[in-house]
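Trainee: Got a structure for you, questions after.
The values are calculated or read from the model by the stated rules, or taken from the named source; none is laboratory data. These numbers were taken from a predicted model, which means no experiment stands behind them. In this analysis, Cβ positions are derived from the backbone assuming ideal geometry, glycine residues included, and neighbour counts consider all displayed protein chains. Remember, those area values only see protein heavy atoms, side chains included, never the ligands or the DNA or RNA. Shrake-Rupley method; radii C 1.70, N 1.55, O 1.52, S 1.80 Å.
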Amino acid sequence: MSDLVVKRPLWQGNQGRGLADAAMDRLRRGEVGSVPVAIGLVIIGAVFYRLNAHFLSAENLTNLALQMAATGTIALGIVLVLLLGEIDLSAGSVSGLTAVVMTLLYVRHGWNVVFAVLAAVAVGAAIGLLHGLMRTMLSMPSFVVTLAGLIGWQGLMLYLLGKEGTVNLPFDRGIATISDTWLPALLGWLLVVLLAGGHLVAGVITRHQRVHAGLDATAPVWIVLRSGGLALLLGGTVLVLNSDRGVPLTLVIFGGLVLGLDLILRRTVFGRRMYAVGGNAEAARRAGINVTWIRISAFVGCSALATLGGILAASRLVAVNQSSGGSDILLNAIAAAVIGGTSLFGGRGRAYAALLGILVIQSITNGMLLLNVDSSVRFMVTGAVLAISVAIDSVARRGAEGAR
C-alpha cells in the first residue's frame, strides 16, 4: 500500500486528523491500493472456513503456500509488463520451455544443477529480449508478439521433449528437493524479525531523508503502525506454518523475489522510469528516458521470472511434461497481477500485487477443491473476481483523472 503522508510533524498534534485527511484524499483520487484485495481475502477465508473448517488448518494453509509459489513468480513478471501497459501471453509457454531446457541439461547431459538453472534463465532472458526487440524495433503490438510466442515456444517445448513426453527429475537431490525443504522453526521467526525490523528501519531512514530535504514525510506513528502490522501478519503466518511442517523454502524464494522486485521498482532510478513510461510514454521520452530500453527490460524480466516459475513448478511435480506451462497457468498469472491491484492501463501497481492476487486465486481454488465443487464453477467464480477487480481499477482510474 502506498505511503500516507502528512505535512505536519508528529509533535505538532492533530496527527489523527492528518492521517484521516490524507486517506480521504487518496480515496477521492481513486488510489485504493490493496484495501479491496485485503477485504476480499478476509471474506474468502470466512466463507470457506464456515463451509469447511479444514480450510484454515495449518496443513491446508501450508499446502496453499506451496501451490502459489510457481504461478505467483510468473505473475511477478506479468506485473512488469502491465506497468508499461503491455501484455505477455507467452509467459506460460516460456516457463514450460525453459523448465524443459533446465531438466534436459541436468538429467540427460549431466550438467551441474546450478549451471543448468542459470542456462535456463539465460534462455528465458533471450526470449524476452527477442519479444522486446520485436515490440520496439518493429512496432508490433505486444499482444501479437507474445501470442506468436505462446504458440511457437510451446511447439519448441514439445519438440525437445520428443515422443516420450515426460522427463523425471531425481527426487532425492537437486531441484526436486526445493519443494520438500522446510525452514527450522527458529529460522522462520528470525525471518519475521529481520523483515519487520528492516521495514521499520527503512521507514525511519526514508522519513529522515524527506524531512532533511524539506519534503512532506510520513508521520512516525504511521511508520510504527505499519511495521507492527507487518510483524503481526508475518508472525501469525510463521506460527501457523510451524505448527505443521514449517515455512516452505518455495514460499521464502517467492517472497524474496517479491521483496527484491518491490525494492527495484520503488527505490531505484530504473523503477521510477518504469512508472514514468507506464504513466505517459511520450512525456517520459521528452524527459530524456530511453523508453525503448525500458520496454525491452520489462520483457526480459518477465521471461526470466517465468523461467524461475517454471523451475519451481518442475520441482513440485518432480518432472517436466507436455503440460508444463500449460493449462490455466498463464491465465491465473495474469489474473493474479490484475486482482492484486496492477492497472491494465499502465503506470500503477506494486510487486506485492502478484502475492496478493495469487493468494486470492489459490484460496478460491483450494477452498472449492475442499468442497468438491466442479471446476466449471471455480472458473466462473475466478472470472467474476477478475471482472470485479478490473471494474475497480477502471473506476479508480476515472476518479484519478477527475481529480486532476
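Trainee: Please give the Cα centre distance for region 216-264 versus region 118-171, rounded to the nearest Å.
Mentor: Each part's Cα centre sits 33 Å from the other's.
Trainee: Put +1 on the Cβ of each Lys and Arg and -1 on the Cβ of each Asp and Glu in the chain; which of Gly72, Val277, Val144 then has its Cα farthest toward the positive end of the dipole?
Mentor: Positive-most Cα among the choices belongs to Val277.
Trainee: Given the peptides 300-307, 315-322, 247-254, 215-222, arrange them by the average over their residues of other C-beta atoms within 10 Å, most packed first. Intermediate values should be presented prior to the final figure.
Mentor: Working: 300-307: 28.4, 315-322: 19.5, 247-254: 21.8, 215-222: 16.9.
The peptides rank, most packed first, as 300-307, 247-254, 315-322, 215-222.
Trainee: Restricting to DSSP loop positions (anything but H, G, I, E, B) with no more than 12 other Cβ atoms inside 10 Å of their own Cβ, which trypsin sites (Lys or Arg not before Pro) remain in region 143-238?
Mentor: Answer by residue number: Lys163, Arg173.
Trainee: Could you tell me which residue out of Asn112, Leu183, Leu133 lies farthest along the dipole of region 52-183 toward its positive end? Charges go on the beta carbon: Lys and Arg +1, Asp and Glu -1, centred on the Cα centre.
Mentor: Of Asn112, Leu183, Leu133, it is Leu133.
Trainee: At 7 Å along Cα-to-Cβ for each site, give me the label-to-label distance between Arg285 and Leu130 in nm.
Mentor: 2.7 nm
Trainee: Moving on. Quick one: among Ile127, Ile339, Ile223, which has the greatest mean-square fluctuation in a GNM of the chain with alpha-carbon springs under 10 angstrom?
Mentor: Ile223
Trainee: Amide H neighbours of Ala217 under 5 Å, counting only residues 5+ apart in sequence or on other chains, H built in-plane at 1.01 Å?
Mentor: Val6
Trainee: Any idea what Rg and Dmax come out to for the chain if you just take the C-alpha atoms, in Å?
Mentor: For the chain, the Cα-based Rg and Dmax read 21.7, 73 Å.
Trainee: Still on this structure, please answer the following. As a check on your grasp of the helix formula, calculate [θ] at 222 nm for the chain: sum -39500 (n - 2.57) over DSSP H runs of n ≥ 4, divide by the residue count, round to the nearest 500.
Mentor: -24500 deg cm²/dmol
Trainee: Looking at the square roots a ≥ b ≥ c of the eigenvalues of the Cα gyration tensor of region 82-203, which shape do they give, rounded for a/c under 1.5, prolate if a/b is larger than b/c, or oblate?
Mentor: oblate
Trainee: Between Gly256, Gly124, Gly188, find the one with the highest GNM mean-square fluctuation for the chain; connect C-alpha pairs within less than 10 Å.
Mentor: Highest fluctuation among the options: Gly256.
Trainee: Let me ask something else. Using unit Cβ charges (K, R positive; D, E negative) and no other charged atoms, how large, in debye to the nearest 20, is the dipole of region 149-223 about its Cα centre?
Mentor: 200 debye
Trainee: Would you please put 262-268, 145-151 in order of how densely packed they are, using the mean number of other Cβ atoms within 10 angstrom per residue and starting with the highest?
Mentor: Numbers: 262-268: 14.7, 145-151: 19.7.
With the highest mean Cβ count within 10 Å placed first, the list reads 145-151, 262-268.
Trainee: Among the chymotrypsin sites (Phe, Trp or Tyr not before Pro) in region 90-156, which ones are in a DSSP loop with at most 10 other Cβ atoms within 10 Å of the Cβ? Mind listing them?
Mentor: Values: sites: Tyr106, Trp111, Phe115, Phe143, Trp153; in loops: Trp111.
Sparse-neighbourhood loop chymotrypsin sites (Phe, Trp or Tyr not before Pro): none present.
Trainee: Now a separate question. Quick one: dipole size for the chain, taken about the Cα centre, charges +1 on Lys/Arg Cβ and -1 on Asp/Glu Cβ, in debye to the nearest 20. Don't skip to the answer; put the middle values down first.
Mentor: On the way: 29 positive and 18 negative charges, 242 e Å.
With Lys and Arg at +1 and Asp and Glu at -1, about 1160 debye.
Trainee: Over region 241-371, average the accessible area per residue using a 1.4 Å probe and give it in Å², no decimals.
Mentor: 38 Å²
Trainee: On to the next question. Can you put His212, His131, His199, His109 in order of accessible area, largest first, using a 1.4 Å probe?
Mentor: Per-residue accessible area, sorted high to low, gives His212, His109, His199, His131.
Trainee: Now a separate question. How do Ile392, Ile43 stack up against each other in accessible area, from largest to smallest, with a 1.4 angstrom probe?
Mentor: Reading off the accessible areas and sorting them downward yields Ile43, Ile392.
Trainee: What is the Cα radius of gyration of region 172-281 over 2.2 N^0.38 Å, N being its residue count?
Mentor: 1.35
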